[in-house]
1. Please compute the length gained on full extension between S105 and D166, using 0.36 nm multiplied by the number of residues separating them and subtracting their Cα-Cα distance.
2. Separation between the T96 and S62 pseudo-spin-labels, each 7 Å from Cα along Cα→Cβ, expressed in nm?
3. Could you check how many percent of all C-alpha pairs in region 90-187 are farther apart than 22 Å?
4. Share of region 93-189's accessible area from carbon and sulfur, percent, 1.4 Å?
5. Can you give me the accessible area per residue for region 40-111, using a 1.4 Å probe, in Å²?
Amino acid sequence: MKRPVTGPSSTNPWRFSAASCSPRRRGSGTAPGTPRTRKRRSTTTACAWTAASNASWISIGSGGSGTGSGSAGYVVSPNTGGARAGTLTIAGQTFTVTQAALVCSYSVSPTSLKVGRGAGSATISVSTISTCSWTASSNTSWISVTSGASGTGNGSVTFSYTRNEDRNDRIGSLTVAGRAVSVEQNGPGDNNVD
């Protein structure tokens, strides 16, 4: 029998009869999800039970076995991918544990640059956790990504830009790890060209 377990406690305790130690459910409902919880079961003093994980990312933290009423704690490993579900077997019953998907966040530096009129190159750094992937691309014809077009974890992106032959300053951009990076290039009229 399966019953979802997604919180630190349950309003559905398992009780056992003295004669057979067979489980009888009382109540209904589950609590909000957390990465660490304890399941409690009730039984007579004559009934022995064990607790085991059926998923590699879930481990029994305490209460792996006992006799009579007791509780078992479990711990989940950090999730490095999509949402997942695993099960525990406690006193012969199956409990389901769900874990939300990893949410990646990224930091990009710098997010704006000003460069001289002449052709050249520059580098942008990307910071994130080791399992998060990212890409980099140019949104402007005179800017090209020369290295670091994709990566996982911390990394860097190098891009090149052509000489500005326009009469005025010009602005271009890149998208790096989902973040906009603007590049302003001097025109021939600037004194600090090249």
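The values are calculated or read from the model by the stated rules, or taken from the named source; none is laboratory data. These figures come from a predicted structure and were not determined experimentally. Using ideal geometry, Cβ is built from the backbone for each residue, glycine included, and neighbour counts are taken over all protein chains shown. Keep in mind that these areas ignore ligands, DNA and RNA; they rest on the heavy atoms of the full protein, side chains included. Shrake-Rupley method; radii C 1.70, N 1.55, O 1.52, S 1.80 Å.
1. So the extension gain works out to 18.2 nm.
2. Spacing of the two 7 Å Cα→Cβ label points: 2.8 nm.
3. Roughly 40 percent, once rounded to a whole number.
4. Numbers: 2190 of 4790 Å².
Taking all protein chains in place, region 93-189 shows 46 percent carbon and sulfur surface.
5. Dividing the accessible area of region 40-111 by its residue count gives 47 Å².
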